[in-house]
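> This is the structure I want to talk about, given as structure tokens.
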Amino acid sequence: MQRMDECTLVAHALRDFLRPSIGLSEMQFIDMSMNAGEPYSAISTSLGIAQHFSVAIPPIFIERIQQLPGWNEEDREVLSEQFAELPTWFQLAS
């Protein structure tokens, strides 16, 4: 059995988080990148879709995405812009 790397894990988790908030065609865009073995592309696509649908992303996702080693400086700038345009995540009170 092969172990899943951090980037692939984050990509799958983000996809699963977005599933209830987006449509089937958007899920297929994410799946195309995942099936091609491109988790960084899947994360970028997921963030673009979240931005389009105004879906707030929990801070743990943002932290994990920023910590992934495969982003170059230009990618990190684009990510920062995308994060800034996402709605703010508000933790529900228990």
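Coordinate-derived values only; no laboratory data. Owing to the predicted nature of the structure, the values given are computational and were not obtained by experimental measurement. All Cβ positions, glycine included, derive from the backbone under ideal geometry; neighbour counts span all protein chains shown.
> Can you list the helices (runs of 4 or more DSSP H) lying wholly within the chain that have 1 or more residues being among the acidic types (Asp, Glu)?
6-18, 24-35, 59-67, 73-85
> Follow-up. Which members of region 1-55 meet the condition of being touching a residue at least 40 places away in the same chain (Cβ under 8 Å) and out of contact with any Pro (no Cβ under 9 Å at 6 or more places or on another chain)?
The answer is Ala13, Leu14.
> Can I ask one more? Gln82 is checked against (1) in contact with a Cys (Cβ under 9 Å, 6 or more places away or on another chain); (2) crowded, with 16+ Cβ neighbours inside 10 Å and fails just one. What number does that condition carry?
Among (1) in contact with a Cys (Cβ under 9 Å, 6 or more places away or on another chain); (2) crowded, with 16+ Cβ neighbours inside 10 Å, Gln82 violates only (1).
> Among Ser21, Ser44, Ser54, which is among the hydroxyl-bearing types (Ser, Thr, Tyr) and crowded, with 16+ Cβ neighbours inside 10 Å?
Ser44
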